[in-house]
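Quick notes on the structure that follows.
Since every read-out is calculated from the coordinates, none of them should be taken as a lab result. Here the structure is a predicted model, which means the values were calculated and not measured. Here Cβ is always computed from backbone atoms with ideal geometry, including for glycine, and neighbour counts include all displayed protein chains.
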Amino acid sequence: MAGEEHSKTEATAFAELIEAGVIISTAMGNEFEDGNPKEYPAGYPDTIGVGAVDYSHRRASFSNTGKHIKLVAPGVNILSTVPRVKASFADHTSYDSWPGTSMATPHVTGAAALVYINKTKSRAAGLAVARRLIATATKLPAMRGKDFTPEYGAGLLDVAAALGRAKPASKSGRKTAKKAAKAKPARKGRK
C-alpha cells in the first residue's frame, strides 16, 4: 500500500531486501489529480517506481509523476482476480478490470522475475536486472525524444527487449529488407 509518509523503519526494511538481492517494483500512486504527491515505497532508493499508461500509451490521468519514476506499464482496465465474495470496494466477484499504478506494477514484477530467474541472487544482480528493465524500455512519442521524463520515466516496459529477444520486423520492414537484398549485388569473396 502506497502512502505519502516516509518511514525510516520501512526505508531500512526495503534497503535490507535490496541488499539481499530482492528486486522491488512499486506503484507510483494514483493521486496525480489530487496534488501529485511523492509516495512511498516508490520514493525509496533502488526501487522501481512504476507509472501507468492507457491504451494509447499516454500517461493515465491518475498516475503520479516525479523524478523517482523508472518506467510505465499498462494500468487501465487491467483484468484481475478479485475476492469471491462481494466486498465494499468491488461489485464483481471472481474477475474484474481495474485501473491504477498498482495494476501496472505486476507487469514489471513479472518481467523482473523472467529476467532474474536463472541468475545468482545478490544486490548487484538484482540492481542489474532493474537497470536492464529500465534500459530496454520503449521510448514513447509523448516523451518527445527524451531518454527520461517525470511522466514516463525511461518509457514503456518492453519484456521482449529485457529478455534479449528480437522483435519481429514489421511488414514494411521486411519489404524494405527484401528490396535492399535484391538491389545489392552479391559480393564474391576470396576463399
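Subtracting the Cα-Cα distance from 0.36 nm times the residue separation, let me have the gained length for residue 4 to residue 118 in nm, one decimal. Write down the numbers at each step before the final one.
Working: separation 114, 0.36 × 114 = 41.04 nm, distance 3.54 nm.
So the extension gain works out to 37.5 nm.
Ranking request for peptides 100-106, 10-16: highest mean number of other beta-carbon atoms within 10 Å first, then the rest in descending order.
Details: 100-106: 22.4, 10-16: 14.0.
The most tightly packed comes first, giving 100-106, 10-16.
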**Message:** If I model segment 19-163 as equal point scatterers sitting on the Cα atoms and use the Debye formula, what is log10 I(q)/I(0) at q = 0.18, 0.20 Å⁻¹?
**Reply:** -1.00, -1.16
**Item:** Pair residue 15, residue 36: separation of 7 Å Cα→Cβ label points (nm)
**Value:** 2.9 nm
